[in-house]
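I'd like to ask you about the structure that follows.
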Amino acid sequence: MILNEHGALRCEACGFDFSARYGERGHGFIECHHTKPVSSLSAGERTKSQDLALLCANCHRMIHVARPWLSLSDLRAIVTPFGNAGA
Ligand SMILES: [Zn+2]
Ligand SMILES: [Zn+2]
């Protein structure tokens with residue numbers, strides 16, 4: 001888990017911070033992506049925290065928009081870090 005100095009969650013791919021963008025309503029909001037598909041777990045195996053990536057809704061959707069799904073490092077390679085897009 002990545003908590004910034006305000007205790008907010010940031011997207012692991014682009015750094016998007018829902019509470020910075022949406023204030024109180026976005027506080028604590030983030031999407032969880034299973035880097036290890038649940039279907040690949042063997043019986044009784046639990047999802048470990050290192051198998052979860054915390055992503056903003058955009059990055060999460062970009063991983064799943066087409067198969068094969070991107071890995072987190074693949075996504076990081078194509079994403080423009082939040083704040084560097086010239087907005
Ligand atoms: Zn993101
Ligand atoms: Zn996912």
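The values are calculated or read from the model by the stated rules, or taken from the named source; none is laboratory data. As the structure is a computational prediction, the values presented were derived from the model and not from experiment. Every residue, glycine among them, receives a Cβ derived from its backbone with ideal geometry; neighbour counts consider all protein chains shown.
Please determine, by comparing only the residues of the stretch 49-68 that are without any contact (Cβ under 8 Å) to a residue 12 or more places away in the chain and surrounded by 10 or more Cβ atoms within 10 Å (Cβ to Cβ), which one is farthest from residue 11 (Cα to Cα).
64
A further question follows. Given the conditions (1) more than 12 Å from ligand 2 (Cβ to nearest atom); (2) in a loop (DSSP other than H, G, I, E, B); (3) free of Cβ contacts under 8 Å to residues at least 24 places away in the same chain, report the number of the one that residue 81 does not fulfil.
Status for residue 81: all satisfied but (3).
I would also like to ask the following. Which of the residues belonging to the stretch 11-50 are among the charged types (D, E, K, R) and part of a helix (DSSP H, G or I)?
21, 24, 25
Against the conditions (1) touching a Gly at 6+ places or on another chain (Cβ under 8 Å); (2) at pLDDT 95 or above; (3) of a type outside the set (Phe, Trp, Tyr), where does residue 9 fall short? Just the number, please.
Every listed condition holds for residue 9 apart from (2).
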